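Working notes, structure below.
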Amino acid sequence: EDQVTQSPEALRLQEGESSSLNCSYTVSGLRGLFWYRQDPGKGPEFLFTLYSAGEEKEKERLKATLTKKESFLHITAPKPEDSATYLCAVQVNTDKLIFGTGTRLQVFP
Amino acid sequence: GAGVSQSPSNKVTEKGKDVELRCDPISGHTALYWYRQSLGQGLEFLIYFQGNSAPDKSGLPSDRFSAERTGGSVSTLTIQRTQQEDSAVYLCASSLVRGYTFGSGTRLTVV
């Protein structure tokens, strides 16, 4: 069965304290791995798509990387406005996405 | 419109009543998805429409749930005889090629 697991469930960081969020997956035939950011009361907002192992993408303080078994979302020198839930999802044989349960990130000044 | 629009944003209903949730996708997006997000849970796939193809209903949790998409655009998710376990945020997303754009969701509370 296709499965996506995110860790940690919650992460508290001091402003400027870099860290990484993990997304491990067990799927048959990965077509793409997606990262989304979700703020309270809002729908998920697209961040990155990764398609093959070794691929990396960056946006401001965020960098996403992909291996054959997992993806990392690295946050460099985070700011309080980076506080949100970060969701990972995989696309397999169809167009639907399978989501993990997310990592709730809190960044304190 | 510029984004995916969902209405209502909040809905409180009594157990046993029927509800309809509406989704207006981004103009020109051929694919439309419904997901459900319960407290502490990941997004759960419900149903997927792609162009004129038959919808993928494999995620609908029971026959009380149904959805339609009229004219390849607006979609309505209907829940009949609502139960308390139906309480959740219902998210709609649309897509053209790859990557979804989500709406802000409808928060459904069944009392």
Within 10 Å of each Cβ in A:93-101, the average number of Cβ atoms from other chains: 6
Alpha carbon centroid spacing (whole Å) that separates segment A:48-109 from segment B:49-71: 29 Å
Carbon plus sulfur fraction of accessible area for chain A, probe 1.4 Å, in percent: 47 percent
Partner lysines for residue A:42 [C-alpha distance under 28 Å; skip if fewer than 8 residues away on the same chain]: A:57, A:59, A:63, A:79, A:96, B:11, B:15, B:17, B:57
Per residue accessible area in Å² of segment A:3-108, where ligands, DNA and RNA are left out and the probe is 1.4 Å: 48 Å²
Residues of segment B:92-109 buried by at least 20 Å² on assembly (accessible area, 1.4 Å probe, chain alone as reference): B:98, B:99, B:100, B:102, B:104
All Cα pairs of segment B:38-111, percent lying beyond 16 Å: 54 percent
Heavy-atom accessible area per residue - segment B:5-97, 1.4 Å, Å²: 49 Å²
Centre separation in Å (Cα based) which lies between segment B:19-35 and segment A:1-40: 26 Å
Solvent-accessible area buried by B and A, counting both chains, probe 1.4 angstrom, square angstrom: 1400 Å²
Protein accessible area in segment B:39-110, 1.4 Å probe - carbon and sulfur %: 45 percent
Neighbouring partner chain Cβ atoms per residue of B:45-55, average, 10 Å criterion: 1
Computed magnitude of the charge dipole of segment B:5-97 (debye, nearest 20; Cβ of K, R +1, Cβ of D, E -1): 80 debye
nm² value of the averaged projected area, convex hull over the Cα atoms of segment A:1-100: 6.2 nm²
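The values are calculated or read from the model by the stated rules, or taken from the named source; none is laboratory data. Keep in mind the model is a prediction, meaning the values are calculated, not measured. For neighbour counting, all protein chains shown are included, and Cβ atoms are generated from backbone atoms with ideal geometry for every residue, glycine included. For accessibility, only protein heavy atoms count, side chains too; no ligands or nucleic acids. Shrake-Rupley method; radii C 1.70, N 1.55, O 1.52, S 1.80 Å.
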